[in-house]
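Got a structure for you, written out below as structure tokens; questions coming shortly.
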Amino acid sequence: MTVHQPGTLREALDLIAGKPEAVPVAGATDLLVHWPARVAEHDRDYVDLSRIAELKAIAFRNGELMLGALATYWDVIHAGRMKEGFPLLVAAARQVGAVQIQARGTWAGNIVNASPAADGVPVLMAYDAVVVLASRAGQEEVPLDRFYTGYKQTRRRPDQLVVAIRIPWRAHDVAVFEKVGGRRAQAIAKVGLAIAHSAAGWRVVAASVAPTVRRCTAIERLLTDGTPVRGPDDLHPAIERDVTPIDDLRSTAAYRKTVMARLLYDDLRGVCPAFS
Amino acid sequence: MITLAFTLNGAPATVEIDPADRLLDVLRERLGLTGTKEGCGEGECGACTVWLDGLPVNSCLVPAYQVRGARVHTVESLDPAALEPLLVHGATQCGACTPGVAMTACWIVGHPEILASHSLRELLAGNLCRCTGYDGIVAGVQAALDAGARA
Ligand SMILES: Cc1cc2nc3c(=O)[nH]c(=O)nc-3n(C[C@H](O)[C@H](O)[C@H](O)COP(=O)(O)OP(=O)(O)OC[C@H]3O[C@@H](n4cnc5c(N)ncnc54)[C@H](O)[C@@H]3O)c2cc1C
Ligand code: FES
Ligand code: FES
């Protein structure tokens, strides 16, 4: 195994341009799970990003929040103005693993790991986050809701690093994060939901109910149109269009759809006049 | 092999490591600090908790090469007297989880301001215990906090 520890982004991009098979390492909370048993991965090349100071920034500027690729959950929980400006980020970060994971895990790692059950991705997507990718050839920005192309598939090329996440700063009158897991801490979501409303419209994002975290555009349209909803059952036709959950070791498809309808109904009844 | 220099329990340490070593392996096998335990090897149980630059982390998930130049504290650095309230309140039975629990507990006691935004149970959620049912752990940490506030 070879580890490269570039000190600057420039060096890191040069490295992966020449070795696109090299694996970037941030907090390693995904990469090192059961590490001694992952023998095949011990032979690979790794590019450790942890020395690159320019990736650590968290900045509020020009009407947006910029999270550097090394920003952790713990950084966001404790950053000033975060609770007021981006409460969904704080709410989701506090539900990731436990403190030991929050202290190490990065938002960029959560995005690139591409788990359909991720907790960081749904709230970022509900805030219209944009993924900033860089390679030696230049910079590219991909809206997070277009970043995933299939289960564990993303638009990131192997010679690209996520360098930052940009999130527009908007006033939201609805901002809800829900995670239903086997227990309150240290659990992977059976259903995750992020709901936000601002001048830009409704965003409803679901996790663990499709091959990728995804926006629920049929639900969003129903909310925009003010379609009357008299109970969780009225949401099922839209849910059927938006998500394709599976039965797996954590839950069943039927349970996930039922829970999703009830969460949506409970969360929106107080805030949407069309919900009665 | 690569040479790793960092600050361990307040003193400079230099050790030869394999790039594939986890911090947990370096502490236990190369430096002989076996107080840090491996429970699950997947970040769930917290038995391997150490402080990295002052924050509790799972040493089973930290690539050793990442601690170059960093400050690491292990359970060996704790003052035994500080653990007295944990013993008195039944925070330990079989002891498998105890080194990790002690690291998280002493971190909380050292940073009581964090309780303004977090509950003890939320902060301790990354340390699994099969024996105590947690009430003893929470009571022990609370007693340690109370003792700290009186001191
Ligand atoms: C016990 C435990 C509990 C967990 N609980 C949760 C949970 O509740 N919710 C949740 O969502 N996740 C959870 N996770 C998963 C994990 O902690 C998160 O996905 C975390 O955000 C990953 O970030 P990292 O920096 O540790 O990533 P790494 O492990 O360092 O990397 C993850 C992936 O992203 C790539 N990568 C990282 N940074 C970049 C970059 N800048 N550019 C390009 N590629 C990059 C890596 O190559 C790798 O493929 C848990 C993990 C553990 C072990
Ligand atoms: S051994 Fe590291 S968390 Fe269980
Ligand atoms: S005392 Fe036995 S696991 Fe905690």
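Treating the angle as unsigned and between 0 and 90°, give the value, to the nearest 10°, between the Cα long axis of helix B:135-150 and the longest Cα principal axis of chain B.
With rounding to tens, the tilt is 90 degrees.
Additional query: If you take every DSSP beta bridge fully contained in the protein assembly as shown, what fraction is antiparallel? Give it as a percent rounded to 5.
Values: 54 of 63 bridges.
Roughly 85 percent of the DSSP beta bridges within the protein assembly as shown come out antiparallel.
Over the Cα atoms of segment A:171-240, what radius of gyration and what Dmax do you get, in Å?
My reading of the Cα-based Rg and Dmax gives 13.1, 38 Å.
Taking the simple approach of a point 7 Å from Cα along Cα-to-Cβ for both A:Asn62 and A:Val39, what is their distance in nm?
Between A:Asn62 and A:Val39, the label points sit 5.1 nm apart.
Once the Cα atoms of helix B:98-110 and of chain B are each reduced to a long axis, what angle between those two axes, in degrees from 0 to 90 to the nearest 10, is obtained?
That works out to roughly 70 degrees.
Expressed as a whole percent, how much of the Cα-Cα distance distribution for chain B exceeds 21 Å?
On the way: 4772 of 11325 pairs.
Counting pairs separated by more than 21 Å, the tail of P(r) holds 42 percent.
Now for a different question. Starting from the 7 Å offset along Cα-to-Cβ, what nm value, one decimal, do you get for the label separation of B:Glu113 and B:Glu38?
3.8
Under a point-charge model restricted to the Cβ atoms of Lys and Arg (+1) and Asp and Glu (-1), what is the dipole moment magnitude of chain A relative to its Cα centre, in debye to the nearest 20?
Result for chain A is approximately 300 debye, rounded to the nearest 20.
Please label the shape of segment A:14-79 as rounded, prolate or oblate, based on the square roots a ≥ b ≥ c of the eigenvalues of the alpha-carbon gyration tensor (a/c under 1.5 means rounded; beyond that, a/b larger than b/c means prolate, else oblate).
Working: a/c = 3.71, a/b = 1.72, b/c = 2.16.
Oblate is the answer for segment A:14-79, as a/c is 1.5 or above yet b/c matches or exceeds a/b.
Would you mind checking the radius of gyration and Dmax of segment B:80-150 based on alpha-carbon positions, in Å?
Both quantities, over Cα of segment B:80-150: 11.0, 32 Å.
Is there a simple number for the mean count of other chain Cβ atoms within 10 Å of the Cβ of residues in A:33-41, and what is it? Display every interim value, and only then the final one.
Values: counts 8, 5, 10, 7, 2, 1, 1, 0, 1.
Average per residue, whole number: 4.
So, one more: So what's the back-of-envelope 222 nm ellipticity for the protein assembly as shown, counting only DSSP H runs of four-plus at -39500 (n - 2.57) apiece and dividing by all residues, rounded to 500? Walk me through the intermediate numbers first.
Working: 14 runs with 116 residues, N = 427.
Calculated at 222 nm, the ellipticity per residue is -7500 deg cm²/dmol.
What residue among B:Ala102, B:Ala116, B:Ala70 has the largest mean-square fluctuation in a Gaussian network model of chain B, using Cα springs under 10 Å?
Most flexible of the set in this elastic network: B:Ala116.
Taking the Kirkwood radius as the inverse of the mean 1/r across Cα pairs, report the Rg/Rh of the protein assembly as shown. Intermediate values should be presented prior to the final figure.
Values: Rg = 22.4 Å, Rh = 22.8 Å.
Result: Rg/Rh = 0.98.
Could you work out the mean count of beta carbons from other protein chains within 10 Å of each residue's beta carbon in B:117-124? Before the final figure, lay out each step's value.
Values: counts 5, 3, 0, 0, 2, 6, 3, 3.
What the average comes to for B:117-124 is 3.
Once you've got the Cα coordinates, tell me which of A:Lys19/A:Lys179; A:Lys83/A:Lys190; A:Lys56/A:Lys257; A:Lys56/A:Lys179; A:Lys56/A:Lys83; A:Lys152/B:Lys37 are over 31 Å apart.
Numbers: A:Lys19/A:Lys179 38 Å; A:Lys83/A:Lys190 26 Å; A:Lys56/A:Lys257 38 Å; A:Lys56/A:Lys179 27 Å; A:Lys56/A:Lys83 20 Å; A:Lys152/B:Lys37 33 Å.
Checking Cα-Cα distances, A:Lys19/A:Lys179; A:Lys56/A:Lys257; A:Lys152/B:Lys37 exceed 31 Å.
Which of the listed residues, A:Pro228, A:Ala185, A:Ala206, is farthest toward the dipole's positive end in segment A:172-268, when Lys, Arg count +1 and Asp, Glu count -1 at the beta-carbon?
Toward the positive end, the furthest listed residue is A:Ala185.
With Cβ to Cβ distances under 10 Å as the rule, what net charge do the other residues near A:Arg136 carry (K, R +1; D, E -1)? Could you put the intermediate results ahead of the total?
On the way: positive: A:Arg10; negative: A:Asp14, A:Asp159.
Around A:Arg136, the charge tally is -1.
Let me ask something else. What is the dipole size for chain B, taken about its Cα centre, with +1 at each Lys and Arg Cβ and -1 at each Asp and Glu Cβ, in debye to the nearest 20?
Working: 9 positive and 16 negative charges, 19 e Å.
Using Cβ point charges on Lys, Arg, Asp and Glu, chain B gives about 100 debye.
OK, next. How large is the accessible surface per residue of chain A, computed with a 1.4 Å probe and reported in Å² as a whole number? Let's see the in-between values first.
Values: 11650 Å² over 276 residues.
That works out to 42 Å² per residue.
Could I ask something else about it? Once the Cβ-Cβ distance between A:Arg221 and A:Arg136 is put in as r, and R0 is 60 Å, what FRET efficiency do you end up with, to the nearest 0.05? Each step should come with its number before you reach the end.
On the way: r = 41 Å, r/R0 = 0.69.
Efficiency for this residue pair is about 0.90.
Be a star and scan segment B:6-49 for residues whose amide nitrogen sits under 18 Å from the point 7 Å along the Cα-to-Cβ vector of B:Arg71.
Hits in segment B:6-49 for B:Arg71 at 18 Å: B:6-14.
Continuing with this model, one more query. So how much accessible surface do A and B hide from each other in total, probe 1.4 Å, in square angstrom to the nearest 100? Please list the in-between numbers first.
Working: alone 13010 and 7620 Å², together 17970 Å².
So the buried area, both faces added, is about 2700 Å².
Using alpha carbons only, what's the Rg to Rh ratio of segment B:2-75 with Rh from Kirkwood? Intermediate results must be reported in sequence, preceding the final value.
Details: Rg = 10.9 Å, Rh = 11.9 Å.
Taking Rh as the inverse mean 1/r over Cα pairs, Rg/Rh reads 0.91.
The values are calculated or read from the model by the stated rules, or taken from the named source; none is laboratory data. In this text, all values refer to a predicted model and were calculated from it rather than measured experimentally. Cβ: placed from backbone, ideal geometry, glycine included. Neighbour counts: every protein chain shown. Keep in mind that these areas ignore ligands, DNA and RNA; they rest on the heavy atoms of the full protein, side chains included. Shrake-Rupley method; radii C 1.70, N 1.55, O 1.52, S 1.80 Å.
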